[in-house]
Amino acid sequence: MKYFIYLINKRLIHPVLHSMASVSQVSWGVGIGMFLGFTPTVGIQMYLAALVWGFCRYLLNFRFNLPVSVAMVWISNPLTMIPMYYGFLTTGCWVQGKEQLTYATFENRLTEILGMESVWGSIVSGAEYLLIELGEPMMLGSLFYAFPIAIGSYFLTYYGLLRHRQHKAHQAQMSYEEWCAAHEIAP
């Protein structure tokens, strides 16, 4: 349990608290990363974060913190993937009125795919199963989680990081703006 808490602190909280970007850019990074983390795209989420960052930065002239966004997509990983994907699938099937798979059937099929000897075969079989057989309800179901979690993460990070930085400024007996300037952080 201590190792799990250590990993969460090191991989998720530390990048947010120690980022030199503005509160807004860090918050957007968290929100976008959490949105992508709650879609059934494990394996390509970091690349998607980079694509979204490039699109936003160069086409929309909008900036968010890419390293924080990449850190946040790890909320879904090989350990959390099966329960998350099953939740997405059942939600999507419920919304569409489709028959649902049992958790055991879903878990056994994914475990079988992940346990294949050939990495390429595992990728192809996994993509076929998740995208073709289950893709539509799973993607639809994921959106019911991704949007509210992303929005909540944005606001929680914005106000939490702002209060953290204001507290640090108060401890240093400086105004928030002075503290940001002294630490070369955008306010």
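FYI, it's all coordinate maths here, none of it is from the lab. Everything numeric in this text was worked out from a predicted model, so none of it was measured. All Cβ positions, glycine included, derive from the backbone under ideal geometry; neighbour counts span all protein chains shown.
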Per the list (1) in a helix (DSSP H, G or I); (2) under 15 Å from the mean Cα position of the chain (by Cα), residue check on R57 breaks on (2)
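Restricting to the stretch 110-134, give me the number of residues that are crowded, with 16+ Cβ neighbours inside 10 Å, part of a helix (DSSP H, G or I) and touching a residue at least 24 places away in the same chain (Cβ under 8 Å).
If we filter the stretch 110-134 for residues that are crowded, with 16+ Cβ neighbours inside 10 Å, which is where we start, we get 110, 113, 125-126, 129-130, 134.
Narrowing further to those that are part of a helix (DSSP H, G or I): 110, 113, 125-126, 129-130.
Filter again for touching a residue at least 24 places away in the same chain (Cβ under 8 Å), leaving 110, 130.
Going through the stretch 110-134 one residue at a time, the tally reaches 2.
Considering only residues that are hydrophobic (A, V, I, L, M, F, W, C) and outside any helix (DSSP H, G or I), look in the stretch 30-54 and name the one that is surrounded by the fewest Cβ atoms within 10 Å (Cβ to Cβ).
So in the stretch 30-54, the residues hydrophobic (A, V, I, L, M, F, W, C) come out as 30, 32, 34-36, 38, 42, 44, 46, 48-53.
Adding the requirement that they be outside any helix (DSSP H, G or I) leaves 38, 42, 44.
Values: F38: 26, V42: 18, I44: 12.
In this case the residue turns out to be I44.
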Going through the stretch 135-176 in order, the residues found to be surrounded by fewer than 16 Cβ atoms within 10 Å (Cβ to Cβ) and β-branched (V, I, T) are I151
